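Reviewing the structure listed below.
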Amino acid sequence: MNGSTYPITEDDVARFEKDGVVCLRGVLDACWVALLREELERVLENPGPQGKDYERQGSGRFRYDTFMWTRHEPFWRLQVASPIPMLTAALMRSTKSYLMADIVFDKEPNASNVTPWHQDQPYGWYDGTQVCSVWIPLDKVDMSNGALEYVCGSHRWGKWFRPVGFDDGRNQATTDFEPMPDIESERSKHRIVHFDCEPGDALFHHLLVLHGSPGNSTGDRRRRAIAFRYAGDDATYAVRPVGPKPVWDPGLRPGSRFGCDLFPQVWPPRDVPRFWEREAVA
């Protein structure tokens with residue numbers, strides 16, 4: 001499947017705009033899934049400078065890494081040979097899509113680490129309304145091993161909430177944005193959805209929609225997933241006082257448009273830097 005053939009519909013776009021999330025089935029085929037599973041294990045064995053192994057809450061591990069596309073060719077290839085960049089542009093109603101980052105998550109069996117309710121955009125280096133995340137499971141996912149839950153429509157509340165720590169769930173030390181509400185104590189007030197997913201399905205969500213996930217309560221099923229962040233036409237570079245940073249200085253000033261080497265245009269297709277070749281030579 002090339003980058004322009006997945007049959008996205010106007011109903012998909014309308015659902016993304018209304019709910020802040022849409023599930024598209026079978027975006028990546030079995031060959032992609034097998035390749036990414038294999039490469040994910042290499043990432044976990046040799047994490048990058050931002051890789052993290054969270055404190056165990058249970059007997060299983062919860063691990064994270066980011067900017068794999070700069071070090072591992074298969075993650076780079078997703079940006080030049082899969083439908084994902086095209087789909088993000090369509091859902092954002094943007095003429096262009098720029099890659100902001102990629103992230104891997106691995107919740108092992110009996111990893112009871114809860115991913116707290118949060119928005120993605122306050123953690124990131126992008127302002128604007130045309131923003132999108134793609135979350136692709138490499139294992140079958142349901143609530144028992146950590147499916148994502150979403151507060152439908154929360155991206156349209158007009159509110160940005162403070163980043164919270166994935167290790168302790170606490171609001172981070174900043175006066176920017178509003179304190180994160182206690183969604184768990186008020187679940188009945190919201191329409192909360194989750195999607196049982198097969199490997200290769202993809203969840204596309206707006207970066208301001210509230211979402212989180214339970215731990216992995218199974219004894220024999222992993223929950224491996226890859227996420228990508230994209231920005232569209234109206235997005236600009238931002239610097240936040242707290243939260244993660246780009247893997248290196250992109251050379252942009254706050255308010256600059258994207259399209260540099262670290263945040264390349266991936267739709268319509270353009271040359272994406274092959275940083276992973278430098279890693280192989282090194």
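No lab work stands behind these numbers, since they all come straight from the coordinates. No experiment lies behind these values; they were computed from the predicted model shown. Please note: Cβ atoms are built from the backbone with ideal geometry, for glycine as well, and neighbour counts cover all protein chains shown.
Some observations on this one:
- Its Cα centre serving as origin, region 10-242 has a Cβ charge dipole (Lys and Arg +1, Asp and Glu -1) of approximately 180 debye.
- At 1.567 mPa s and 4 °C, Stokes D of region 195-282 from Kirkwood alpha-carbon radius, µm² per second: 77
- Residues in region 110-150 that a label on residue 217 would reach, taking backbone N under 16 Å of a point 7 Å out along Cα→Cβ: 110-115, 141-149
- The phi torsions of region 130-140, fed into the Karplus equation with coefficients 6.51, -1.76 and 1.60 and a -60° offset, translate into couplings of 8, 9, 7, 10, 10, 10, 10, x, 9, 9, 5 Hz, rounded to whole numbers, with Gly and Pro shown as x.
- In plain terms, the chain from residue 35 to residue 93 could stretch by 17.9 nm, reckoned as 0.36 nm per residue minus the Cα-Cα distance.
- Taking all Cα pairs closer than 8 Å and separated by 6 or more residues, the relative contact order of the chain comes to 30 percent.
- Distant-in-sequence amide H partners of residue 195 (H built 1.01 Å from N, under 5 Å): 148
- Relative contact order (%) - region 139-276, alpha-carbon pairs under 8 angstrom, separation at least six: 30
- Relative exposure of 245, 107, judged by other C-beta atoms within 10 Å (fewest first): 245, 107
- 5 angstrom amide H check on residue 130, placed H, neighbours 5+ away: 232, 234, 235
- Computed from label points 7 Å out along Cα-Cβ, the spacing between residue 112 and residue 11 is 4.2 nm.
- Summed side-chain charge close to residue 22 - residues other than residue 22 whose Cβ falls under 14 Å, Lys, Arg +1, Asp, Glu -1: -2
- The number of Lys pairs in the chain with C-alpha atoms less than 19 Å apart, excluding pairs fewer than 8 positions apart on the same chain, is 6.
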